[in-house]
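The values are calculated or read from the model by the stated rules, or taken from the named source; none is laboratory data. These numbers come from a predicted model, not from an experiment. Note that each Cβ is placed from the backbone with ideal geometry, even for glycine, and that neighbours are counted across all protein chains shown. Just so you know, the surface numbers come from the protein's heavy atoms only, side chains and all, with ligands and any DNA or RNA stripped out. Shrake-Rupley method; radii C 1.70, N 1.55, O 1.52, S 1.80 Å.
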Amino acid sequence: MEFGAPGGMRRSASHNSLSGSDDFDLTHLLNKPRINVERQRSFDDRSLSDVSYSGGGAGHTRGGGGGFDGMYSPGGGLRSLVGTPASSALHSFEPHPIVGDAWEALRRSLVFFRGQPLGTIAAYDHASEEVLNYDQVFVRDFVPSAMAFLMNGEPEIVKNFLLKTVLLQGWEKKVDRFKLGEGAMPASFKVLHDDKKGVDTLHADFGESAIGRVAPVDSGFWWIILLRAYTKSTGDLTLAEKPECQKAMRLILSLCLSEGFDTFPTLLCADGCCMIDRRMGVYGYPIEIQSLFFMALRCALLMLKHDNEGKDFVERIATRLHALSYHMRSYFWLDFQQLNDIYRYKTEEYSHTAVNKFNVIPDSIPDWLFDFMPCEGGFFVGNVSPARMDFRWFALGNMIAIVSSLATPEQSTAIMDLIEERWEELIGEMPLKICYPAIENHEWRIVTGCDPKNTRWSYHNGGSWPVLLWLLTAASIKTGRPQIARRAIDLAERRLLKDGWPEYYDGKLGKYVGKQARKFQTWSIAGYLVAKMLLEDPSHLGMIALEEDKAMKPVLRRSASWTN
């Protein structure tokens, strides 16, 4: 079966939409019958080397082969079936018995604004006495739901969400008496229905109601990433080209590309500004934000118009991406050889010839790391800053590093090697540990402020989050290791429906339903569905993943795990 651009979607004469075709096929990564996927090249088949640093027109078309980056997902032109994912219907896969229940649960979470679907609430848990903010639409939480609807041929809800959040971005944003940056996206919003007047209104939260009163840094990045996913899935370039969407991207970029006193290309941010939205010692330059920052920059580079307003941002993005990729691949990367080098570091080095550039004290290496680090494999550490290296493993940052190609192909392979080598620690009985290891005892008191929800092996402190399945699956397919995703999904299917789709699991192996986990957590449901659809039809990966850009590849000293 062959797929082109979905029918009914308009393709405008974009400033940088490219015509032509390529014939790369992702399906060779799976042990399934080969699916012949016919694709058209889209705006993101350009390399950074195609961007003119001196300004001027659109990038030039690359010759030669392409990759999944130019692949349109077939889901955009399909109508949904009740309780049945379109990809399963299309390829005649026998869906797992819990797939239908998952779709029903996902549809129950839909939120409508003036008759139009606008998003999904965080959790549909009627058994919980405290609703808190789980009845709101969170920007980051909606992303896996949006991916599921796009893959199932239902793009309208995603389009509605993208346009409405642009309007919310334009609202005045104040926390107490302090005004936030103009480009900040809300953490969440709620639809308020007035039955007497028959009026629907929106209430947005930019952090002023959040626990800890922290504004989200990741919301804007997720919005840009989702805008590209919509465009890739539907083939409709007109949404990204709308003046309001172009302005939204520029406002987000204005916040994170500003120059100041920081000497690093990474993004400085506070604790609680991302998925780990409580104090967990991730302040500074957390891997999750840096990976999302990198991916959002790459997506924006492909969608921004090269007009008078966009041209300057294109040049600034290209410059930042080169610096950011070098910094992350060089200083955040850890494998056996690099650990051995840090173990032997000299300190108090001065001048540009210093090897230990951040003055990391070897005695600060935690004992657990020496046993955890396999001879083959590696990962991006949680944080790097002066005299501080957070050696913890964080799943989301490492998975995004793979799908965005922040990680080189060798590093991506090493990350997946690590997951296989440390399966019990990182996957256990329920995928996937949000971070490893947990912090406990006196360190827990200091780092979390005695947070009773983030006790050891619970919630953000070493808890297991089923939502991360979709990113693990995307990373597995991109690295040619779909067996990792299959094994993880098989584990999840044994319990997710039976346990009521919990938000997270507790314990070293993720054996127990989280002590305060909400049931029917929407992104647990959506994460599972996206993982299943990706595995059944890997062409969907085109809306999520980005290919490596050769222009950003630094000359790095190869360690043992990269070459084995």
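One table, with the values for the structure above:
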{"quantity": "Every residue from the stretch 91-132 that is polar (S, T, N, Q), open to solvent by less than 30 Å² (accessible area, probe 1.4 Å) and part of a strand (DSSP E or B)", "calculated": "Thr120"}
{"quantity": "Residue in the stretch 226-250 that is farthest from Phe294 (Cα to Cα), counting only those that are touching a helix residue (DSSP H, G or I) at 6+ places or on another chain (Cβ under 7 Å) and open to solvent by 10 Å² or more (accessible area, probe 1.4 Å)", "calculated": "Glu244"}
{"quantity": "Residue match in the stretch 435-448 (condition: open to solvent by less than 20 Å² (accessible area, probe 1.4 Å) and closer than 23 Å to Asp490 by Cα)", "calculated": "yes"}
{"quantity": "Restricting the stretch 174-223 to residues that are among the β-branched types (Val, Ile, Thr) and part of a loop (DSSP other than H, G, I, E, B), the residue that is modelled with the highest pLDDT", "calculated": "Val217"}
{"quantity": "Residues of the stretch 282-308 that turn out to be more than 23 Å from Tyr230 (Cα to Cα) and surrounded by fewer than 21 Cβ atoms within 10 Å (Cβ to Cβ), as a count", "calculated": "3"}
{"quantity": "Any pair with Cβ under 7 angstrom, 6 or more apart, that starts in the stretch 442-461 at a residue that is touching a residue at least 24 places away in the same chain (Cβ under 8 Å) and ends at one that is in a loop (DSSP other than H, G, I, E, B) and surrounded by fewer than 17 Cβ atoms within 10 Å (Cβ to Cβ)", "calculated": "Lys453/Gln516; Ser458/Lys515; Tyr459/Lys453"}
{"quantity": "Some residue of the stretch 517-525 being touching a Ser or Thr at 6+ places or on another chain (Cβ under 9 Å), open to solvent by less than 10 Å² (accessible area, probe 1.4 Å) and assigned to a loop (DSSP other than H, G, I, E, B)", "calculated": "no"}
{"quantity": "The stretch 119-132 - residue that is at pLDDT 80 or above and of a type outside the set (Phe, Trp, Tyr) and, of those, nearest to Leu163 (Cα to Cα)", "calculated": "Gly119"}
{"quantity": "Total residues in the stretch 479-509, condition more than 23 Å from the chain's Cα centre (by Cα) and either closer than 21 Å to Glu104 by Cα or not in a loop (DSSP other than H, G, I, E, B) (or both)", "calculated": "6"}
{"quantity": "Some residue of the stretch 467-478 being hydroxyl-bearing (Ser, Thr, Tyr), open to solvent by less than 10 Å² (accessible area, probe 1.4 Å) and under 29 Å from His126 (Cβ atoms)", "calculated": "no"}
{"quantity": "Counted residues, the stretch 479-499 - those being surrounded by fewer than 20 Cβ atoms within 10 Å (Cβ to Cβ) and small (Gly, Ala, Ser)", "calculated": "1"}
{"quantity": "Test: residue in the stretch 335-354 that is modelled with pLDDT of 95 or more, open to solvent by less than 50 Å² (accessible area, probe 1.4 Å), under 25 Å from Glu288 (Cα atoms) and not in a helix (DSSP H, G or I)", "calculated": "yes"}
{"quantity": "Top-ranked residue of the stretch 526-544 - restricted to ones that are buried (at least 24 other Cβ atoms within 10 Å of the Cβ) and among the small types (Gly, Ala, Ser), ranked as nearest to Phe149 (Cα to Cα)", "calculated": "Ala526"}
{"quantity": "Val314 vs. criteria hydrophobic (A, V, I, L, M, F, W, C), in contact with an Asp or Glu (Cβ under 8 Å, 6 or more places away or on another chain) and either open to solvent by less than 20 Å² (accessible area, probe 1.4 Å) or free of Cβ contacts under 8 Å to residues at least 12 places away in the same chain (or both)", "calculated": "no"}
{"quantity": "Helices (runs of 4 or more DSSP H) wholly inside the stretch 369-446 that include at least 2 residues being modelled with pLDDT of 95 or more and closer than 24 Å to Tyr512 by Cβ", "calculated": "395-403, 423-426"}
{"quantity": "Residue that is surrounded by the fewest Cβ atoms within 10 Å (Cβ to Cβ), among those in the stretch 133-173 that are at pLDDT below 95 and more than 13 Å from Pro186 (Cβ to Cβ)", "calculated": "Asp135"}
